[in-house]
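Read through the structure below, which is laid out as structure tokens, and then see the notes.
Just so it is clear, none of the values below were taken in a lab; they were calculated from the coordinates. Predicted, not measured: the structure shown is a model, and the values here were computed from it. A quick note on method: Cβ atoms are made from the backbone with ideal geometry, for glycine too, and the neighbour counts reach across all protein chains shown.
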Amino acid sequence: MKGITAKHFFEELSPLRTKKELENVQRYFRYEGVKSKFLGVRMSHLFRLAKQFAQMPLPEIEKLLNSEFYEARVGAVSIMDFQARDKKTTADRKKELFDLYLLKHDRIDNWDMVDRSAPSVVGGYLADKPRKILYKLAKSKNVWERRTAIVATYFFIKQGDIDDTFNIAEILVNDKHDLINKAVGSWVREAGKRDEQKLVAFLNKFSATMPRITLRYAIEKLGKAQKEHYLSLKK
């Protein structure tokens, strides 16, 4: 490799573009703020390339985050994810990744960027630390910051630590944005796999008033009778 730089990453990225993938990505990207430019690179190819650049220095990652191209920013958060999950990554570097994520959150501006990196970069860093920042993000006006708040708790869920998931879900349960509705439903469902009683308690409290899409995601793994019961409360 020529060097683990943002410039070289982009040089390797550009030849991977296709017209078909350009049409695909423009269909599912959700505009919230400044519009992006797109190259049209298949995600599997993008992730493979990011893995090759997994040792990229932080200043170079920041350059990718500052790119006007969506794929470059996905590459950046993917590299951050690879570094955060690497057992050889130092505590200092994990803090730097966490700080960069928050500093540049305005560049992490689509649901897939959040979902790709928030569990390891944010949740992983906070696993043994106070988590007040997540509650602050949950009350943000920025939809992607709110999504980070709930998605980051997936790291905790995998450790059997589910209280923050349900607490943040309570803050977001009546959010007006469908991508928050879906995230809340998805993550309380995942937490419910660890403790169904807590999921049931959450549903008993909020099922009649939460958005229907949130409810459908939340009850996905419950039994037929339970699903029918909670859905009947929405009629």
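Observations on the model:
- Inter-probe distance in nm under a simple model that places probes 7 Å from Cα toward Cβ, at LYS19 and LYS139: 5.2
- Within the stretch 51-78, backbone nitrogen closer than 16 Å to the virtual label 7 Å beyond the Cα of ASP92 toward Cβ: 57-59
- Least to most buried among SER44, SER120, SER14, SER186 (fewest other Cβ within 10 Å first): SER44, SER14, SER186, SER120
- Gain upon complete extension [ASN66, SER232; 0.36 nm per residue less C-alpha separation]: 55.0 nm
- Across ASP128, ASP99, ASP163, mean-square fluctuation computed from a Gaussian network of the chain (C-alpha pairs under 10 Å connected) peaks at ASP128.
- Per-residue HN-Hα couplings for the stretch 5-21 [Karplus 6.51, -1.76, 1.60; θ = phi - 60°; Hz; x = Gly/Pro]: 10, 4, 4, 5, 4, 5, 5, 6, 6, 4, x, 8, 6, 9, 5, 4, 5
- Nearest-ten-degree value, helix 43-52 long axis tilted from longest Cα axis of the chain: 60
- For LEU39, residues with placed amide H under 5 Å, excluding near neighbours: TYR70, GLU71
- Karplus-based coupling profile of the stretch 223-233, in residue order and whole Hz: x, 4, 5, 5, 4, 4, 4, 5, 5, 5, 6, with θ = phi - 60° in 6.51 cos²θ - 1.76 cosθ + 1.60 and x standing for Gly or Pro.
- LYS158 versus GLN52: modelled label distance in nm, points set 7 Å from Cα along the beta carbon direction: 2.6
- Relative to the longest principal axis of the Cα atoms of the chain, the long axis of helix 163-172 lies at roughly 90 degrees.
- Reciprocal mean inverse distance between Cα atoms of the chain - Kirkwood radius, Å: 18.6
- Relative pair counts by distance (%), Cα atoms of the stretch 130-235, 5 Å bins: 2, 14, 27, 25, 18, 9, 3, 1, 0
- Using a cut-off of 21 Å between Cα atoms, the listed pairs LYS193/LYS234; LYS129/LYS182; LYS95/LYS129; LYS104/LYS141; LYS51/LYS182 include LYS193/LYS234; LYS129/LYS182; LYS51/LYS182 as exceeding that distance.
- Loop sites in the stretch 24-114: chymotrypsin sites (Phe, Trp or Tyr not before Pro), DSSP, at most 16 other Cβ within 10 Å: PHE29, TYR31
- 3J(HN,Hα) along the stretch 90-103, derived from phi through the Karplus expression 6.51 cos²θ - 1.76 cosθ + 1.60 where θ = phi - 60°, amounts to 6, 4, 5, 5, 4, 5, 4, 5, 4, 5, 5, 4, 5, 4 Hz, with x in place of Gly and Pro.
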